[in-house]
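The values are calculated or read from the model by the stated rules, or taken from the named source; none is laboratory data. The structure presented is a predicted model; accordingly, all values stated were derived computationally and were not measured. Ideal geometry is used to build each Cβ from the backbone, glycine not excepted, and the neighbour counts take in all protein chains shown. SASA here: full protein model, heavy atoms, side chains in, ligands and nucleic acids out. Shrake-Rupley method; radii C 1.70, N 1.55, O 1.52, S 1.80 Å.
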Amino acid sequence: MPVPVQAVQAPLAPRVRQPSLSQLRAFAAVAEHLHFREAAGSIGMSQPALSGAVAALEETLGVQLLERTTRKVLLSPAGERMAIRARAVLRAVGELLEEAEAAQAPFTGVLRLGVIPTVAPYLLPTVLGLVHERYPDLDLQVHEEQTSSLLEGLGQGRLDLLLCAVPLGAPWVSEVPLFDEDFMLVTPRDHPCAGRRDLPRSSLRELDLLLLDEGHCLRDQALDICREAGRTDGATVTTSAAGLSTLVQLVAGGMGVTLLPRTAVRVEAGHNEALRTADFAAPAPSRRIALAMREGAAREEEFRAFGDALRAAMRTLPVRPALP
């Protein structure tokens, strides 16, 4: 009589443990700040909980991510590589949530808008008016920062959309042009260039030019205009300011002249009797303002529609609307 053969069940494969989003978020924060207390504060987590999450991630992955000393925290070689991956995962999850939110209803939820300081005071009234009138369910959150910080925030997913001068020179950024605006020369009232309407660019070669501090894109644009006009490196800029308001006060005090975008002139110089302006001969030096988003952003269609509406709303400003 044949012996019955029992089926042998294959052993179950061991369950692979996977890191949690909370662990990845804690590690990414530590990798950015290299300081446990600052990292914990940045993501709203207690320091013990953050330390535990990072330790659990190290155990799950089986690698040491951090080198801890009594004075500072450093990323291990493996930690440097894992930090890049962790940021990519968190960014992808953020985009997934954004897409789900946008799919439910466009122009609702949170929109984190980054704006450069030389744009914010002059364009935000138009932006806020448009949002209030046409998109009342949109929770607009505005962050005023310099261009380099805005780009970093856009890349990390901290910001959704930027309102800034372009081109940005970042291949992963998609730009929606809004308008072009001319630069004007702002001078003391008794300056030889005051009131001119056909000022040649060559006049910039020897003027005592006042500029914003390092890091402002408007400073770089002004220097580019001066170089195109033939201004030599020897014609140095000895005084600078942190903002346009301070800059025009220095001009009013007779310390030199400066370049202002046309949208800023009325606010910063229009009511100061000590100041005068001058227009450059055509074609005047100019800058382009655009909305910038991550290439392939989940809400790209919504952002482009927002750009079209904003471009139309800005026709009342002293600018030239750009082709979409």
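Largest first, what is the accessible-area ranking of Ser203, Ser148 with a 1.4 Å probe?
Values: Ser203 30, Ser148 85 Å².
Ranked from most to least accessible, the order is Ser148, Ser203.
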Task: Amide proton proximity set for Val73, modelled H, under 5 Å, gap of 5+ - done: none
Task: Computed label-point distance, nm, for sites Ala284 and Thr69 using a 7 Å Cα→Cβ extension - done: 5.6 nm
Open item on the list: Let me test this: with uniform point scatterers at the alpha carbons of region 236-317, what is the Debye-based log₁₀ I(q)/I(0) at q = 0.18 1/Å?
Closed with: -0.90
Task: Placed amide H near Arg112: partners under 5 Å, 5+ positions off or other chain - done: Gln141, Asp160, Leu161
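Which loop trypsin sites (Lys or Arg not before Pro) in region 107-171, with loop taken from DSSP, have no more than 11 other Cβ atoms within 10 angstrom of their Cβ?
On the way: sites: Arg112, Arg134, Arg158; in loops: Arg158.
Sparse-neighbourhood loop trypsin sites (Lys or Arg not before Pro): none present.
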Open item on the list: Tell me the accessible surface of Arg91 in square angstrom (1.4 angstrom probe, heavy atoms of protein chains only), to the nearest ten.
Closed with: 80 Å²
Task: Backbone HN-Hα couplings from phi across region 277-292 [Karplus 6.51/-1.76/1.60, Hz, Gly and Pro as x] - done: 10, 9, 9, 7, 5, 5, x, 6, x, 8, 9, 10, 10, 8, 8, 10
- [ ] Report, by chain and number, residues whose modeled amide H sits under 5 Å from the one on Thr258, excluding near sequence neighbours (fewer than 5 apart, same chain).
- [x] Val186, Leu210
- [ ] Step through the residues of region 137-142 one at a time and calculate ³J(HN,Hα) from phi using the Karplus curve (6.51 cos²θ - 1.76 cosθ + 1.60, θ = phi - 60°), rounding each to whole Hz and writing x for Gly and Pro.
- [x] 8, 8, 8, 7, 10, 9
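Provide Rg over Rh for region 94-165; use the alpha carbon set for both Rg and the Kirkwood Rh (inverse mean inverse pair distance).
Values: Rg = 12.6 Å, Rh = 12.8 Å.
With Rh from the inverse mean 1/r over Cα pairs, Rg/Rh is 0.98.
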Open item on the list: Please list, in order along region 180-189, the HN-Hα scalar couplings obtained from phi with the Karplus expression 6.51 cos²θ - 1.76 cosθ + 1.60 (θ = phi - 60°), rounded to whole Hz, x for Gly and Pro.
Closed with: 10, 9, 7, 8, 10, 8, 9, 10, x, 4
Task: Calculated percent of Cα pairs over 26 Å apart (choose from (1) 60; (2) 49; (3) 40), label - done: (1)
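Leaving ligands, DNA and RNA out of it, report the carbon-plus-sulfur percent of the accessible area of region 173-324 at a 1.4 Å probe.
Working: 3290 of 6940 Å².
Result for region 173-324: 47 percent of the exposed heavy-atom area is carbon or sulfur.
So what's the back-of-envelope 222 nm ellipticity for the chain, counting only DSSP H runs of four-plus at -39500 (n - 2.57) apiece and dividing by all residues, rounded to 500?
Values: 10 runs with 131 residues, N = 324.
It comes out at -13000 deg cm²/dmol, rounded to the nearest 500.
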Open item on the list: What number comes out for accessible area per residue over the chain if the probe is 1.4 Å? Units Å², please.
Closed with: 54 Å²
